[in-house]
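Working notes for the structure below.
The values are calculated or read from the model by the stated rules, or taken from the named source; none is laboratory data. These numbers were taken from a predicted model, which means no experiment stands behind them. All Cβ positions, glycine included, derive from the backbone under ideal geometry; neighbour counts span all protein chains shown.
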Amino acid sequence: MHVLTKASLSLAVLLVAIGMAPSAKADPITITAGGFSLSNLGNNGGGNPGSDSLQGASSFTTTNPAAGLGTFPFAMNLLTFTTGFTGFGSRGSHPFDFSQPITINGVTQTLLMSGVIDISQTVDTIHILSSAPLTFNFSTFSVDVSVVPMDIVGAGPNGGVFSDVLLGQFNVRMTNCNPVPEPATLSLLGIGIAGVAAKLRQRRRRRLT
C-alpha cells in the first residue's frame, strides 16, 4: 500500500479515536448543603433550655468536573456550638444522630450523620463522626459525598459560643466513556475521511491510466 494512503488511513483512525473519547468540556457541578439545627445535646432536662446546641449554616459551591475529577474538600457548613449548663448528672458521653439535605445539580438526597458530645464540668466537646458515602449518579459522572470527622471544644465553666467549619469530601468519577462527539469533532472527522477517499480515488485513476 502506498505510504501516503497508509498515512491517510492512520489519520482517519486517529480521528475516530478522538471522536469516541470523552469530551474535555463538561457542565459545572453545583453543590448545596441545606444545613441543620440541633439543641439540648446531652441536656437531661435540668439545665438551661437549649443547651448545648449546634447549628450548621447552609452553603453552596460550583466546581468544574473536567478540572475537579477525583477527591476534593468542600466547606459544607459553618458551625456554631453554644454551650451552657446542661443539668446536674449530665456528665459523660451522649451520642446523637442528625442529617441534612445535599443537592447536586438539582438532585437532592439526605446525608445521614452521627456525633457524640462529651460533657464535663468545665469543657463540652462535640465529635462529628464520619458518615457512610452518599452517591449521586448522573449521565456522564457520579459524585460520592461523605463527612470529614472533626471536633469542637467548648471550654469554659460558664459556657460560650464556639465556631468551626464542617468539611465534606467529594469524589467525582466519570461514568460514561463514550459520550456523543461534539460538532467540531464530527466536522474534523468528516474532513479526515473525505481526505482518505480523495487519495484512494487518485490512486485508482493512476492505475487506470
- Message: Scan the range 151-166 and tell me whether some residue there is among the β-branched types (Val, Ile, Thr), over 19 Å from Ser37 (Cα atoms) and either touching a residue at least 24 places away in the same chain (Cβ under 8 Å) or not assigned by TED's automatic domain parsing to the domain that holds Phe88 (or both).
- Response: no
- Note on the structure: Among strands (runs of 3 or more DSSP E) entirely inside the range 37-89, those with 2 or more residues being aliphatic (A, V, I, L, M) and buried (at least 18 other Cβ atoms within 10 Å of the Cβ) are 70-83
- Query: Out of the range 90-106, which residues are surrounded by 13 or more Cβ atoms within 10 Å (Cβ to Cβ) and closer than 17 Å to Gly50 by Cα?
  - Reply: Ser90, Arg91, His94, Phe96, Phe98
- Task: Kindly establish whether Ile119 is at pLDDT 95 or above, touching a strand residue (DSSP E or B) at 6+ places or on another chain (Cβ under 7 Å), among the β-branched types (Val, Ile, Thr) and under 29 Å from Ala155 (Cα atoms).
- Result: yes
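Got a sec? Which of Phe170, Phe141, Phe136 is crowded, with 19+ Cβ neighbours inside 10 Å, touching a Pro at 6+ places or on another chain (Cβ under 9 Å) and either under 22 Å from Phe98 (Cα atoms) or not assigned by TED's automatic domain parsing to the domain that holds Ser53 (or both)? Write out each step before concluding.
On the way: Phe141 fails: either under 22 Å from Phe98 (Cα atoms) or not assigned by TED's automatic domain parsing to the domain that holds Ser53 (or both); Phe136 fails: touching a Pro at 6+ places or on another chain (Cβ under 9 Å).
None of the other options fit; the residue is Phe170.
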- Task: Go through the range 107-133 and count every residue that is in a strand (DSSP E or B), within 20 Å of the chain's Cα centre (by Cα) and crowded, with 17+ Cβ neighbours inside 10 Å.
- Result: 3
- Which numbered condition Thr103 fails, given (1) closer than 21 Å to Thr175 by Cβ; (2) not in a strand (DSSP E or B): (2)
